[in-house]
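Trainee: Structure incoming, see below.
The values are calculated or read from the model by the stated rules, or taken from the named source; none is laboratory data. None of these values were measured; they are calculated from a predicted model. Neighbour counts run over all protein chains shown; Cβ positions are idealised from the backbone, glycine included.
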Amino acid sequence: MTFFWSSWITILSFACWLGILAVLLMVLKYKPEVEEDGTTGHEYDGIREYDKPLPKWWLVIFFGSIVWAVAYWIFFPAMFPKHWDGIATVEVDGETVPWTSHNELNSELESNNKVFTDNFEKSILVKADATDAAQTLSELSELQNTLKRSDNPPADLQSKIDEKITDLAPAIEKLAQNPNALKVGSRLFLQNCAVCHGSNAKGATGYPNLTDNDWLYGGEAANLLTTLHKGRVGGMPAWRDQIGEEGVRAASEYVLSLSDNNGHKNNGELDKTLVAQGESIYDANCALCHGKDGKGMISTGAPNLTDNIWLYGGERETVRDTLRYGRAGVMPEWETKLGNERIMLVVSYVYSLSDRSAATKNGANVKAAASMPKTAESVPVVSSN
Ligand code: HEC
Ligand code: HEC
């Protein structure tokens, strides 16, 4: 609020308060002349006016509200809010801060969250026989708070946090068997994830299907935890400047051959010459991220190109566009939005969606994915324009 408006409101409220006080005092002082029969002699349509004192209860309330207003001005930043914080305080993040509606909200969110966390431990972790996680969770949140508070955090703090996050993996496997945890997890999924991944988690173009056991970043509990805590950015470089339009066409043809051009009738027959040219382009430029055999790598987030599951589409022209312009799908981080406990619940739900028996399909390597780089910058980008 600007100084002008803050003064405007302050002066108006103060003038109003003074006015009310003055009217009341005036009325109390006013003593009309009373006639013998006890009336003032005024008569309106047969109704005669007496001079009776104001009821006590009414006066108490009236004076009470005048005093209340003064107390309010002292406690809260109501008068000249830019200059007077008021003496009321709330607790936020373990610190006592002046009252503001914003600080009060934060303080209430914190205490609600505390209730949620306690319930999570008592009724979910205990029932799922995963009480070990409570200790890990409290160590994790302590490390996170240290990181939040320090301007110059120790170099290994982040990696300690990452380790604690993946230490929660065994609990996820247990929670994924617990109907109560899954119920809360599915609700969290609908509220936060369904906009992008669909309410049935089957995804859409650019948004991966989470039920098919084909994982960009790995489908083990530790991989999923890391994905949710830190977010992911897909880094598929643009190739047109590097290998030219001819190169794009050849490499695309080779990509299509990797999945036997399976199921995309619109593509027609593949051009054998282009496939052969594309193979050497692939080996030189693409194998680095997608693997020599084209099966993808969870350490780079590069998809498996040999199955018939497409993130952006397996039509010839779509694949060419992917190569020409690159792709950069963004999975947001959820640590700051959901917190550690809710992430565990939603991850358990996602974990429960896919058929575990086929989990090793994409060479799921838990250790590699746990230390996954977070952004596209940290994967070996050959060209990115
Ligand atoms: C703004 C859209 C958006 C929202 C909201 C979102 N995601 Fe994602 N998510 C993505 C995108 C895009 C990717 C793929 C990233 C890439 O291309 O590298 C992804 C990837 C993932 C992956 C990795 C899939 C794999 O194959 O490895 C998981 C798991 C996941 N999301 C779960 C969730 C969950 C759980 C939520 C809700 C808490 C959520 N996502 C909310 C867009 C979103
Ligand atoms: C720096 C690592 C990297 C290199 C090098 C790379 N890719 Fe990719 N590629 C990715 C990533 C990561 C994705 C997923 C993008 C996303 O999630 O948004 C991807 C996606 C794709 C897709 C989309 C697959 C789908 O399911 O829709 C195709 C096709 C593809 N790459 C082909 C290639 C070809 C051909 C080359 C070489 C000319 C190449 N890539 C080089 C990392 C790479």
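Trainee: Suppose we filter segment 298-320 for residues that are surrounded by 22 or more Cβ atoms within 10 Å (Cβ to Cβ) and in contact with a Leu (Cβ under 6 Å, 6 or more places away or on another chain); how many remain?
Mentor: 3
Trainee: Considering each residue of segment 321-353, count those that are among the basic types (Lys, Arg) and crowded, with 20+ Cβ neighbours inside 10 Å, and give that number.
Mentor: Going through segment 321-353 one residue at a time, the tally reaches 1.
Trainee: Another question, if that's okay. Check GLY339 against each of (1) modelled with pLDDT of 95 or more; (2) under 22 Å from the mean Cα position of the chain (by Cα); (3) of a type outside the set (D, E, K, R); (4) at positive phi and name the one condition it does not meet.
Mentor: Here GLY339 meets the rest and fails (1).
Trainee: Kindly indicate the residue of segment 262-302 that is among the polar types (S, T, N, Q) and without any contact (Cβ under 8 Å) to a residue 12 or more places away in the chain and also nearest to ligand 1 (Cβ to nearest atom) among those meeting that condition. If you could, list the steps in order and put the result at the bottom.
Mentor: Our first condition is that a residue be among the polar types (S, T, N, Q); within segment 262-302, this holds for 262, 266-267, 273, 277, 280, 285, 299-300.
So of that shortlist, the ones also without any contact (Cβ under 8 Å) to a residue 12 or more places away in the chain come out as 273, 280.
Details: THR273: 32, SER280: 27 Å.
Taking the candidates together, the pick is SER280.
Trainee: If you check GLU139, GLU163, which single one turns out to be under 18 Å from GLU341 (Cβ atoms) and of a type in the set (D, E, K, R)? Lay out the reasoning, then the answer.
Mentor: Values: GLU163 fails: under 18 Å from GLU341 (Cβ atoms).
It is GLU139.
Trainee: Scan segment 308-324 residue by residue and report those that are over 16 Å from LYS265 (Cα atoms) and out of contact with any strand residue (DSSP E or B) (no Cβ under 7 Å at 6 or more places or on another chain).
Mentor: Our first condition is that a residue be over 16 Å from LYS265 (Cα atoms); within segment 308-324, this holds for 311-312, 320-324.
Within segment 308-324, LEU311, ARG320, ASP321, LEU323, ARG324 meet the criteria.
Trainee: Let me ask you something else. Can you find, within segment 176-205, the residue that is nearest to ligand 2 (Cβ to nearest atom) among those that are surrounded by 17 or more Cβ atoms within 10 Å (Cβ to Cβ) and either part of a loop (DSSP other than H, G, I, E, B) or not assigned by TED's automatic domain parsing to the domain that holds LEU225 (or both)?
Mentor: Ranking the candidates gives GLY203 first.
Trainee: State whether the residues of segment 62-74 include one that is among the aromatic types (Phe, Trp, Tyr) and in a strand (DSSP E or B).
Mentor: no
Trainee: Next question. Assuming ASP85 fulfils every condition listed in (1) on the phi > 0 side of the Ramachandran plot; (2) without any contact (Cβ under 8 Å) to a residue 60 or more places away in the chain; (3) within 36 Å of the chain's Cα centre (by Cα) apart from one, which condition is it?
Mentor: (1)
Trainee: Determine whether ALA155 is assigned to a helix (DSSP H, G or I), more than 19 Å from the chain's Cα centre (by Cα), away from ligand 2 (no atom under 16 Å from the Cβ) and at pLDDT below 95.
Mentor: In short, no.
Trainee: Another question about this same structure. Looking only at segment 310-342, how many residues end up being outside any helix (DSSP H, G or I), among the hydrophobic types (A, V, I, L, M, F, W, C) and within 7 Å of ligand 2 (Cβ to nearest atom)?
Mentor: Within segment 310-342, residues that are outside any helix (DSSP H, G or I), among the hydrophobic types (A, V, I, L, M, F, W, C) and within 7 Å of ligand 2 (Cβ to nearest atom) number 3.
Trainee: Which numbered condition trips up HIS229, out of (1) outside any helix (DSSP H, G or I); (2) more than 7 Å from ligand 1 (Cβ to nearest atom); (3) not assigned by TED's automatic domain parsing to the domain that holds GLY294?
Mentor: With (1) outside any helix (DSSP H, G or I); (2) more than 7 Å from ligand 1 (Cβ to nearest atom); (3) not assigned by TED's automatic domain parsing to the domain that holds GLY294 applied to HIS229, the lone miss is (1).
Trainee: Which condition number does ASP271 fail, the rest of (1) surrounded by 18 or more Cβ atoms within 10 Å (Cβ to Cβ); (2) closer than 16 Å to LEU323 by Cβ being met?
Mentor: (1)
Trainee: Could you tell me how many of the residues in segment 206-221 are crowded, with 23+ Cβ neighbours inside 10 Å and either more than 8 Å from ligand 1 (Cβ to nearest atom) or more than 16 Å from MET331 (Cβ to Cβ) (or both)?
Mentor: The qualifying residues number 2.
Trainee: Does LEU147 satisfy the criteria of being touching a residue at least 12 places away in the same chain (Cβ under 8 Å) and in contact with a Pro (Cβ under 8 Å, 6 or more places away or on another chain)?
Mentor: Judged against the criteria, LEU147 is a match.
Trainee: Any idea which of (1) under 25 Å from ILE165 (Cα atoms); (2) modelled with pLDDT of 95 or more; (3) crowded, with 17+ Cβ neighbours inside 10 Å is the one GLY231 doesn't satisfy?
Mentor: (3)
Trainee: If the requirement is being without any contact (Cβ under 8 Å) to a residue 24 or more places away in the chain and within 49 Å of the chain's Cα centre (by Cα), which of these qualifies: GLY41, GLY64?
Mentor: GLY64
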